[in-house]
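First comes the structure, then the notes that go with it.
The values are calculated or read from the model by the stated rules, or taken from the named source; none is laboratory data. All values reported here derive from a predicted model rather than from experimental measurement. Note: ideal-geometry Cβ built from the backbone for every residue, glycine included; neighbour counts use all protein chains shown.
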Amino acid sequence: MSVGKLMDRNIDAFLSFNSEAREVVKQIATRLIKAGLQVWFDEWQLIPGESVIPSIERGLKAARTCAVFVGTDGQGPWQRKEVEAAIRSQIQNEDFRVIPVLLPDAPKLELPPFLANNVWVEFTEGLGDPAMWRLECGIRGQPPGRGRPPKSAPQETTPPVPGVSMSMDMEIQTRKPAYVFISYRDQKPDSDLAKVCVEVLRRAGHKVFIDTDDIPWGKEWTKEIRAALEGCDYLLPLLSAESVQSEMVVEEVRIAAERAKNNRCIPRLLPIRVRFPFSQALPYSLSGLLDKIQQREWRDDRDTAPLLDELLRVLEQREDWDETTPSPEPSIYLWPDEPVPQRDPRRLTEPGGALDTDAHFYIERTADQEVLSGIRKNRALVTLRGARQAGKTSLILRVHVAALSSQLSLRSAFVDVQAIPSESLQSLETVWRYLAEGIAAQLKLPFEWAGQGNHERGFQQFLKNTLFTQDHTPLLICLDEVDRFFSTPLRREFFTSLRACWNKGAYDPVWKKVRWLLSTSSDPVFFIEDLTQSPFNIGQLVRLDNFNLAQVEEFARRLGVPLPAGETKAILVYVGGRPYLVHLLLFHLARDPEARDELFDGTTAGRGVFRGHLHRYLIHFEQDSALAEAMCRLLAGRQMETRLAERLEAAGLAYQDKDGEYRPACRLYEEFFGKALAQHANGDGSYFPLGSEPISDTSKIDKASHRCSGFFRSHLLLIIGVYALTMSLSSYN
């Protein structure tokens, strides 16, 4: 390593210490910063969401010196590795200095041979001078002389940021500003904390995006949200017990996490729990995205200053991300002094996400009994299909827990396919190994993989040698949200292999004891070319329908929400019997019965109650103009491609009436999207992408266009199906 490269390093000193000496070293680090030195102190530099080891390695590589602190407890195991790395740097470049530092009341220990002749700094007389001056000089690479020179007159400084140290506020101005997106719920205390974060970050020179009521709804609102999420360096989600149920917060976290997967871990996710302790599990929709990421907790105003102090330190150490920057490793470490937030699908709150499996207001539907009846059969393969937020996960979890509690003569393992990490979706072997390892962990069994290139053999050996060695109780494998596979290159291979494994149950006694329960929102026919090579044209298909009139009445009764005459039917028409929307509406009706008229106003999204839910759809329309055009056609009563109509149905936006015609799923969607999307409709019913100039007159949309009757529609679909099958067979031959 050349001297030039060493001088290019931007950190003056890497501070290596035993964690037992953390507080005294922190005091020294603070004084070094006030002296104008840049130091690497792990508590300030380890970025939430990053892995610890690569961060420490980058810190050492960016430092010009390393100060090795020795206290009464000697060197710690992590510190010894840091010292070894520092010694290697000193061997490669003699200008890299390693400074042994003896803390107060600590014995002078024997150092490794390479450091034995290095000059010590000893804080035997406290943390002030002369030891502090000698340490500063050692870091700067200058002789200490006869002591610290007299101080010059203080210079003018800028006013400090509230709650943040003066030195930090000044230093942060010299750094490249970061772009921070704050995701929060617009109610106290979340909104108060968000405003403080905005003020401090902007005064420190950073760019901040925060959702306010000044942003109009519709195209511009979603466009601004999407653009900010695409451009931000950090996402700061404020997670309270209420905000974690907000669909908009969940969607913002999901978009940022997805972008980080494909963009060298950018943006960084910095979750803050707002009066939401680590002892409480995150909701199902967020747990898979955030459980492996370091988090912080805000309890009251006393936590504000230290939290912002640390946040600014994180932003201060932000690297200039370019093509030469190595991709950080995915974070697998959490702060060691905090409990790990557990991802437990049985501890989910409402409204939103899966219901608790023991929730007294869970409404059983015909599908519940059909699923239970189906999985009791040998070699069972049950596919549960329903629109998004229809309650599929809640149903599967109840079946899963029933098996765990011995109500069924089954063992059960639950797998959320949406939470499978990307690295486990690289090949069939990585997928099947992930499933085997997850099953072993849930059933508290040892795990050993013997696949070595053959996924079927590996999983079969796991079943034979581990799962069914002593306990021959059949195993139910619950795969929730298998839609995830439809968007991966493995969509055909995985389902082909799953079907092959199921087929083996006809003659193999091991596979005969395995039963499957799958859930999907999408019709597989549009994602899998040959259904005969998948599990979707065998076994039992169960459709999960929305609530009917009687079920809405029973749901309201169990929630303790009295409904006047005719109200149940009004709810069913307004939200279409969709369980989540029914629950959300009843929840707010119970809190504010006087706001009924406002809640039932779809043009205002029910006074904002449904805002997050509806704008999540708008974001998807922003990305998919074909789907947005299909929604416009649906609202105008025009024909559309069958595949797009099926997608609208799978998303819960449409339903088929008794004649086979597609209709808007509910009046809420009809009113809200009719207003939000009308300005983008052409006179011929086609669609302007969001962000383009709409036509001034939308009255030309033909709402009375001719519709193909259900009979002719079915007839045409049959002809198309036969033609497609003929072409498929001819290409196969």
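Data for the structure
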{"item": "Strands (runs of 3 or more DSSP E) contained in the range 233-314 and holding at least 1 residues free of Cβ contacts under 8 Å to residues at least 40 places away in the same chain and over 19 Å from TYR179 (Cα atoms)", "result": "272-274"}
{"item": "Filtered residues of the range 518-564 (kept if β-branched (Val, Ile, Thr), at pLDDT 80 or above and not in a helix (DSSP H, G or I))", "result": "THR520, VAL542"}
{"item": "Residues being within 22 Å of CYS232 (Cβ to Cβ) and either at pLDDT below 75 or under 14 Å from the mean Cα position of the chain (by Cα) (or both) - total across the range 263-290", "result": "16"}
{"item": "Hits in the range 457-485 (condition: under 32 Å from the mean Cα position of the chain (by Cα) and surrounded by fewer than 17 Cβ atoms within 10 Å (Cβ to Cβ))", "result": "none"}
{"item": "Only one of THR157, THR124 that is under 30 Å from GLN75 (Cβ atoms), of a type in the set (Val, Ile, Thr) and at pLDDT below 80", "result": "THR124"}
{"item": "Positions within the range 360-387 being in a loop (DSSP other than H, G, I, E, B) and more than 15 Å from PHE547 (Cβ to Cβ), in sequence order", "result": "HIS360, ARG376, LYS377, ASN378, ARG379, ALA380"}
{"item": "Top-ranked residue of the range 68-83 - restricted to ones that are outside any loop (DSSP other than H, G, I, E, B) and touching a Ser or Thr at 6+ places or on another chain (Cβ under 7 Å), ranked as surrounded by the fewest Cβ atoms within 10 Å (Cβ to Cβ)", "result": "GLN79"}
{"item": "Failed criterion for ARG578 (all others in (1) modelled with pLDDT of 85 or more; (2) surrounded by 22 or more Cβ atoms within 10 Å (Cβ to Cβ); (3) over 26 Å from ASP657 (Cβ atoms) hold)", "result": "(3)"}
{"item": "The range 615-624, subset of a type in the set (D, E, K, R) and part of a helix (DSSP H, G or I), residue farthest from ALA387 (Cα to Cα)", "result": "GLU622"}
{"item": "Contacts under 9 angstrom Cβ, first residue in the range 472-493 being in a loop (DSSP other than H, G, I, E, B), partner of a type in the set (Phe, Trp, Tyr), 6 or more apart", "result": "VAL482/PHE494; VAL482/PHE495; SER487/PHE527; THR488/PHE494"}
{"item": "Condition met for GLY612 (outside any helix (DSSP H, G or I) and either within 17 Å of GLN389 (Cβ to Cβ) or modelled with pLDDT under 90 (or both))", "result": "no"}
{"item": "Scan of the range 366-403 for residues that are surrounded by fewer than 19 Cβ atoms within 10 Å (Cβ to Cβ) and among the basic types (Lys, Arg), ordered by number", "result": "ARG376, LYS377, ARG379, ARG388"}
{"item": "Residue check for LEU46: crowded, with 18+ Cβ neighbours inside 10 Å, over 18 Å from ASP105 (Cβ atoms), at pLDDT 85 or above and in the same structural domain as THR124 (by TED's automatic domain parsing)", "result": "no"}
{"item": "In the range 49-67, the residues that are of a type in the set (Lys, Arg) and either surrounded by 16 or more Cβ atoms within 10 Å (Cβ to Cβ) or modelled with pLDDT under 80 (or both)", "result": "ARG58, ARG64"}
{"item": "Cross-chain or 6+ apart pairs with Cβ under 6 Å, the range 183-207 first and of a type in the set (Ser, Thr, Tyr), then assigned to a helix (DSSP H, G or I)", "result": "SER183/VAL249; SER183/GLU252; TYR184/ASP190; TYR184/ALA194"}
{"item": "Qualifying residue in the range 225-244 (condition: buried (at least 22 other Cβ atoms within 10 Å of the Cβ), modelled with pLDDT under 80 and touching a His at 6+ places or on another chain (Cβ under 8 Å))", "result": "no"}
{"item": "Residue check, SER487 in the same structural domain as LEU404 (by TED's automatic domain parsing), polar (S, T, N, Q) and under 24 Å from ARG398 (Cα atoms)", "result": "no"}
{"item": "Candidate set from the range 641-657 (those that are surrounded by fewer than 22 Cβ atoms within 10 Å (Cβ to Cβ) and without any contact (Cβ under 8 Å) to a residue 40 or more places away in the chain); member that is farthest from HIS588 (Cα to Cα)", "result": "GLU641"}
{"item": "Contacts under 8 angstrom Cβ, first residue in the range 662-677 being part of a helix (DSSP H, G or I), partner of a type in the set (D, E, K, R), 6 or more apart", "result": "GLU671/ASP601; ALA676/LYS219"}
